[in-house]
Amino acid sequence: MPSPCICTNLRQAAQASTAYYDAALAPSGLRVTMFRLLRRIGEVPGISITDLAQVVDLDRSTLGRNLRVLERLQLVRVSTGQDERARAIRLTEDGEHALNVALPLWQDAQAQLGRELGADLDQLLKSLTRIAQLQGGNAHVG
């Protein structure tokens, strides 16, 4: 019998975890992909698109598409930064509110999933970080 496909298992786990967090965050109106960006923007108000792309390990075009959705929902504002060519990203009041509603939901989901994974959690996070770094990604799990 052939060994299990690592890629297939990782993709299935990623889809399942995304669905898990999306369900947990549903009362906030955010999906986990939106929450992830809002959280990072909230940590560094006025962050540039280039810096945010690096922090969340997304290419600029993918990040730009995601930011346009957040702008349309009036959760972020993208404006000219100190350098006319740079774009600064900030949470709007609605974005701050959505993040404040979502954060405890995310924390509860984190705690529940941590309990489910138990003693395997630390090794899992180390393995995922190592996989993310294999192709030179700067992603860290957590």
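The values are calculated or read from the model by the stated rules, or taken from the named source; none is laboratory data. Everything quoted here is computed from the prediction, not taken from an experiment. As a convention, Cβ positions derive from the backbone with ideal geometry for all residues, glycine included, and neighbour counts pool all protein chains shown. For the accessible areas, the whole protein counts, side chains as well, though only heavy atoms, and no ligand, DNA or RNA atoms are used. Shrake-Rupley method; radii C 1.70, N 1.55, O 1.52, S 1.80 Å.
Expressed as an acute angle from 0 to 90° and rounded to the nearest 10, what is the orientation of the C-alpha long axis of helix 32-43 relative to the principal long axis of the chain?
50
Which ³J(HN,Hα) values, rounded to whole Hz and listed in residue order, are derived for region 88-93 from phi using the Karplus coefficients 6.51, -1.76 and 1.60 in 6.51 cos²θ - 1.76 cosθ + 1.60 with θ = phi - 60°, glycine and proline given as x?
Couplings: 9, 10, 9, 6, 7, 4 Hz.
Between region 107-125 and region 50-74, how many Å separate their Cα centres?
Taking the Cα centre of region 50-74 as reference, the centre of region 107-125 is 28 Å away.
Which value, in debye to the nearest 20, describes the size of the charge dipole of region 1-124 about its Cα centre when Lys and Arg Cβ atoms bear +1, Asp and Glu Cβ atoms bear -1, and nothing else is charged?
Values: 14 positive and 15 negative charges, 84 e Å.
It comes to approximately 400 debye.
Say the dipole of the chain comes from +1 at the beta carbon of Lys and Arg and -1 at that of Asp and Glu; which of Leu52, Tyr21, Gln107 then lies farthest toward its positive end?
Positive-end residue among those listed: Leu52.
Accessible area per residue, 1.4 Å probe, Å², for region 1-133: what's the number?
For region 1-133, the solvent-accessible area averages 67 Å² per residue.
Compute the long axis of helix 121-134 from its Cα atoms, compare it with the longest principal axis of the Cα atoms of the chain, and write down the angle in degrees, 0 to 90, nearest 10.
For 121-134 against the chain, the angle is about 70 degrees.
Starting from the Cα-Cα distance between Cys5 and Glu93, subtract it from 0.36 nm times their residue separation and give me the gain in nm to one decimal.
Using 0.36 nm per residue and subtracting the Cα-Cα distance, I get 27.2 nm.
Work out the P(r) tail for the chain: percent of alpha carbon pairs separated by more than 18 Å, whole number.
62
Just the number, please: carbon plus sulfur as a percent of the accessible area of the chain, 1.4 Å probe, no ligands or DNA/RNA counted.
52
In nm, give the distance between the simple-model label positions of Thr18 and Glu116, each being 7 Å from the Cα along the Cα-to-Cβ direction.
Roughly 1.7 nm, to one decimal.
Taking amide H positions as placed 1.01 Å from N in the peptide plane, with prolines and chain starts having none, which residues 5 or more places from Arg87, or on another chain, fall under 5 Å of its amide H?
Placed amide hydrogens put Ile49, Thr50, Gly81 under 5 Å from Arg87.
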